[in-house]
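Trainee: Input: one structure, supplied below.
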Amino acid sequence: MIFTTGIFAVFLAVVLPVYWLLPARPRKVFLAVAGMVFYFYSYPLHLLLVLVMTAATYVIAVGILRARETGEAPRSAEDGGLNEAPAAERRGLLAKILAALGICLAAGVLGYFKYWKMVVATLNGISRHLHHEAIFRQPEILVPLAISFFTFEFIHFLVDVYQGKIPREKIGFLDYLLFIFFFPTLVSGPIKRYQGFREQSEAMPGFRVDDFLDGARRVILGLAQKFILADTAGQFTGALAAPDQVAARVLILAVYAYSLKIYFDFAGYSDMAIGLARMLGFRVPENFDRPYFQPDIAAFWRHWHMSLSTWIRDYLYIPLGGNRRGFGRTLFNLVAAFAICGLWHGSAWNFVVWGLWHGFGLAGYRIWRRCFGDRLPRGGVLLRAVNVFITFHFVTAGWILFASPSLGRALITFQKIIGAIWRVL
C-alpha cells in the first residue's frame, strides 16, 4: 500500500477516527494491527515473514538481556568472586553469540530475498564469459516490501540491547511490534530508533488539534512535492534508460532532472510519513534539510536521508573503527561503509559503485581537509556558492550510477556527457 493511492486514502479515513476514539491501551493495539493490515495488502505471505522475524528478534533480545543480567551477578565475599568470574564470562559470551545470531538472521533474510538473484546473475555472467553458458538457474524471488528498512531497525534494536542502551524494563512485545509495524514509516522510513519511539508509545499522548493540523499540512506538502515537482521532473529522465539512443544534451538534461526527481520524490514521501505520524500523535526523525545547498560532501550526508546517515555512522562506520584507528583506517572505513550503503539501496552493481563514489568522495574530502584545511580561505558568500556548486555537481554525477538500469549504461552516459563537455572546452 502506497501513500499516494486511493486505497490508502480509504485506509486512513477508517484508521484515524477509530484510533482517536479508542482509549490509550486499545489504541496501541489497534495501531499495530493497522500496520499489519497495511503491510498485508502488499503481499500476505510476506506479512508472516516479517511477523516471524519480529518475534525472533524480540526473543533473541530478551535472551541477550537475561544472559547479561546473569553474567553481571555480584561476586561472593568468600572467594572474592573467583567462582562467579568464569560464569560471568560465559554469560557475556552467550550474549555476544545471541546478538551475532540475531544480526546474521536479519542480514541473512535480507541477503536471500534482495541479493541472491544478484549473486546468481553475477556468477552466471562470469560463467558465460568463461564457458559461454550459465551454470545456475536464475531464481524467481519476490522481494518483501520495505525489507531493507525492517532489517536496519531489527539490527539497531539487537545492537542497542546488547550494548545496554535498552534496559529490560523498557522492552515490551507490543511496543516492539508497534515500532516495527508503525505504518507511516513502514515503506520508506524515516528509520526510527526504538528508545525514542517507545517513550511515545508508552505515553500514547492524547489528541491535540495543533499536532493534527501540522501533520496534515506536512502530508499536503509531501503530496505536492511528489505529484507536482517529482513527477514533472521525472518526465525528463527517460533518456538515462537508453543513453546510446539520445544526444549528450538530452542526457545532461535528464541527469539534472533526476537530481530534482529523486529529492522531491523521497523528501515528499518523508514529509508524508512525518506528517502522518504527527496526525497519530507521534514524532519521527526528520530526513532532509536542504541537502543540495551544502558546501561539501560530508555536509551533504548530514542533511540527506539523515536517518540513514546516522544509522550508517552508528552501526557500520563506528563498529568498523570509525576514526579511532589511524587516518588510513578511517578512509577505509568510510569507503567500506558507503559501499554497503550503496548495496542497501539496490541489488545491482551500479548501486555498489554509487556507494563507492560517495565513499571515495568522503575519503577525498578528508584528505583535502587534512592537507589544506588550515590554509583554506574562511567564509564568504562567493566561496560558499562555489563549494555548493561543486558539491551539487559531484552528487548529481553520482546519480547517473543510481538512475541507470545497469553499470554499462551508466558508463555510456558518463562517456557521452564528458565527451560533450570536452568538445566545448
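Trainee: If the requirement is being farther than 29 Å from Phe150 by Cβ, without any contact (Cβ under 8 Å) to a residue 60 or more places away in the chain, crowded, with 18+ Cβ neighbours inside 10 Å and touching a Leu at 6+ places or on another chain (Cβ under 6 Å), which of these qualifies: Ala257, Ala239?
Mentor: Working: Ala257 fails: touching a Leu at 6+ places or on another chain (Cβ under 6 Å).
Going through Ala257, Ala239 in turn, just one is farther than 29 Å from Phe150 by Cβ, without any contact (Cβ under 8 Å) to a residue 60 or more places away in the chain, crowded, with 18+ Cβ neighbours inside 10 Å and touching a Leu at 6+ places or on another chain (Cβ under 6 Å): Ala239.
Trainee: Also, quick follow-up: Would a scan of the stretch 327-341 turn up a residue that is among the hydroxyl-bearing types (Ser, Thr, Tyr), closer than 23 Å to Pro190 by Cα, surrounded by 17 or more Cβ atoms within 10 Å (Cβ to Cβ) and in contact with a Lys or Arg (Cβ under 8 Å, 6 or more places away or on another chain)?
Mentor: no
Trainee: Given (1) out of contact with any Ser or Thr (no Cβ under 7 Å at 6 or more places or on another chain); (2) modelled with pLDDT of 95 or more, identify the lone condition not met by Glu202.
Mentor: (2)
Trainee: Right, here's the next one. How many of the residues making up the stretch 175-228 are closer than 21 Å to Met36 by Cα and among the acidic types (Asp, Glu)?
Mentor: 2
Trainee: Could you tell me whether any residue of the stretch 392-414 is surrounded by 21 or more Cβ atoms within 10 Å (Cβ to Cβ), among the hydroxyl-bearing types (Ser, Thr, Tyr) and in a loop (DSSP other than H, G, I, E, B)?
Mentor: Checking the stretch 392-414: at least one residue is surrounded by 21 or more Cβ atoms within 10 Å (Cβ to Cβ), among the hydroxyl-bearing types (Ser, Thr, Tyr) and in a loop (DSSP other than H, G, I, E, B).
Trainee: A further question on this structure: Is it the case that the stretch 228-238 has a residue that's aliphatic (A, V, I, L, M) and within 30 Å of Lys28 (Cβ to Cβ)?
Mentor: Step one: filter the stretch 228-238 for residues aliphatic (A, V, I, L, M), giving 228-230, 233.
Next, from what is left, pick out any that are within 30 Å of Lys28 (Cβ to Cβ): none.
Checked against the condition, which is being aliphatic (A, V, I, L, M) and within 30 Å of Lys28 (Cβ to Cβ), the stretch 228-238 yields no hits at all.
The values are calculated or read from the model by the stated rules, or taken from the named source; none is laboratory data. Nothing here was measured: the structure is a model prediction, and the numbers come from that model. Using ideal geometry, Cβ is built from the backbone for each residue, glycine included, and neighbour counts are taken over all protein chains shown.
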